[in-house]
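Just so it is clear, none of the values below were taken in a lab; they were calculated from the coordinates. All of these numbers come straight from a predicted model, not from anything done at the bench. Please note: Cβ atoms are built from the backbone with ideal geometry, for glycine as well, and neighbour counts cover all protein chains shown.
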């Protein structure tokens with residue numbers, strides 16, 4: 001057994017985000033190139049169309065370039081998701097994994113396949129609902145309890161009530177949706 | 001003890017990303033607003049300031065806006081993220097501890113403890129003063145400052161690599177090279 005100890009300040013490792021993201025969804029250069037291509041391509045298409053229809057280049061170039069730029073974000077998101085999935089499966093990580101969330105008096109335990117995470121309750125900063133998932137924020141990391149993990153609404157309510165009884169006052173105040181749901185009869 | 005059990009898709013988090021970011025970084029900087037402001041601003045400035053050729057000026061100005069939007073967005077995002085984290089957590093600095101056992105990597109950060117079987121670790125690499133392990137799309141950071149000296153660091157990385165799978169070692173060429181390097 002070998003171990004080391006140290007301290008990490010919030011945000012101190014932000015400079016490493018690009019390197020990690022590069023391994024997960026490809027280098028940012030790809031997304032930059034995509035943005036340029038859409039900007040220039042949109043401008044050219046707009047210019048040609050505008051010239052053909054009205055004989056006026058300027059406004060059409062600007063509109064085409066703007067449309068190209070605005071289309072970057074949704075397209076980049078799709079590309080990032082596709083690359084992310086491809087890299088995960090390529091690295092031997094299955095996309096579907098068994099998961100469990102357990103409440104104990106001391107900690108929230110979250111197990112996803114080969115990783116078990118244990119967060120002391122004071123590390124849980126809020127519980128909220130989004131798109132079919134109850135999300136527990138633990139030291140800024142989301143832990144997921146999808147609706148389909150629960151046998152019934154009553155089970156879900158009981159689980160959330162118990163979780164809320166363990167988090168601190170500030171976290172309960174931030175978890176308005178969860179409180180309302182858990183207390184509903 | 002109460003528990004729920006099921007199956008997750010590893011990319012389930014992507015669906016809920018916007019809602020999570022709203023909670024983690026609060027008032028998230030609007031990427032569209034930053035891109036639009038910089039590109040539009042650059043285009044207008046270039047058009048009016050580049051007297052000999054306004055169209056070329058607009059193009060250069062717009063291009064500068066496209067280039068600048070990325071660092072501008074990252075800066076705004078990082079600032080919002082740090083502010084939101086500080087507002088939520090009792091501590092600004094988290095103690096970390098990483099322990100290597102034959103079965104798993106045990107990583108503790110603040111009030112959280114993660115036990116990760118070695119087969120889930122897919123990458124080990126160095127960047128900007130940190131050794132970073134990736135497992136099931138999460139990163140585990142170990143500051144270089146946590147090591148007493150380079151030989152201690154080398155022994156740790158070497159041991160971690162010895163537990164990782166062949167494929168993961170192949171993806172961690174920088175770490176393998178670091179271990180193979182002789183002390184100077």
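How tilted is helix A:28-54 with respect to the longest principal axis of chain A? Cα atoms for both, answer in degrees (0 to 90, nearest 10).
In chain A, helix A:28-54 runs at an angle near 40 degrees to the longest axis.
Which Rg and Dmax, in Å, describe the Cα atoms of the range B:46-127?
23.2, 70
What ranking do A:86-93, B:112-119, A:49-56 get when scored by the average of other Cβ atoms within 10 Å per residue, highest first?
The peptides rank, most packed first, as B:112-119, A:86-93, A:49-56.
Going by how many other beta carbons lie within 10 Å of each one, how would you line up B:141, B:68, B:124, fewest first?
So the residues, fewest neighbours to most, are B:68, B:141, B:124.
Given contacts defined as C-alpha pairs under 8 Å and at least six residues apart, what's the relative contact order of chain A, whole-number percent?
Relative CO of chain A lands at 12 percent.
First check a/c for the range B:132-184, with a ≥ b ≥ c the square roots of the eigenvalues of its C-alpha gyration tensor; if it is under 1.5, answer rounded, and if not, answer prolate when a/b is larger than b/c or oblate otherwise.
It comes out oblate by the Cα gyration axes.
Peptide B:97-108: average number of partner chain Cβ atoms within 10 Å per residue?
Taking the mean over all residues of the peptide, I get 3.
What do the square roots of 5 times the Cα gyration tensor eigenvalues come to for the protein assembly as shown, in whole Å, largest first, as semi-axes of the equivalent ellipsoid?
Over the Cα atoms of the protein assembly as shown, the ellipsoid semi-axes are 41, 28, 19 Å.
Using the alpha-carbon centroid of each, what span in Å lies between the range A:85-109 and the range B:64-104?
With the range A:85-109 and the range B:64-104 each reduced to a Cα centre, they are spaced 22 Å.
In peptide A:129-137, what is the residue-averaged number of other protein chain Cβ atoms found within 10 Å of each Cβ?
For peptide A:129-137, the averaged partner shielding equals 4.
Rg and Dmax of the range B:69-184, using alpha carbons, in Å: what are they?
16.0, 46
For the range A:127-185, what does the relative contact order come out to in percent, with C-alpha contacts under 8 Å and a separation of six or more?
The normalised contact order for the range A:127-185 reaches 34 percent.
Just counting partner chain Cβ atoms within 10 Å, what average do the residues of peptide B:139-146 show around their Cβ?
4
Return one number: the angle in degrees, 0 to 90 and rounded to the nearest 10, between the long axis of the Cα atoms of helix B:54-88 and the longest principal axis of the Cα atoms of chain B.
Relative to chain B, helix B:54-88 is tipped by roughly 40 degrees.
Below 8 Å between Cα atoms, with a sequence gap of 6+, how large is the relative contact order for chain B in percent?
Relative contact order here is 13 percent.
Can you sort B:166, B:153 so the residue with the fewest Cβ neighbours within 10 Å comes first?
By the 10 Å Cβ count, ascending: B:166, B:153.
When a/c is below 1.5 the answer is rounded, else prolate if a/b is larger than b/c, else oblate, so apply that to the range A:110-181 with a ≥ b ≥ c taken from the square roots of the Cα gyration tensor eigenvalues.
Since a/c reaches 1.5 but b/c is at least a/b, the shape of the range A:110-181 is classed as oblate.
With the Cα gyration tensor of chain A giving a ≥ b ≥ c as the square roots of its eigenvalues, does the rule (a/c under 1.5 for rounded; else a/b larger than b/c for prolate; else oblate) give rounded, prolate or oblate?
Judged from the Cα gyration tensor, chain A comes out prolate (a/c at least 1.5, a/b above b/c).
Ranked by Cβ crowding within 10 angstrom, fewest neighbours first, how are A:131, A:117 ordered?
A:131, A:117
Tilt of helix A:153-166 relative to the longest C-alpha principal axis of chain A, in degrees (0 to 90, nearest 10)?
80
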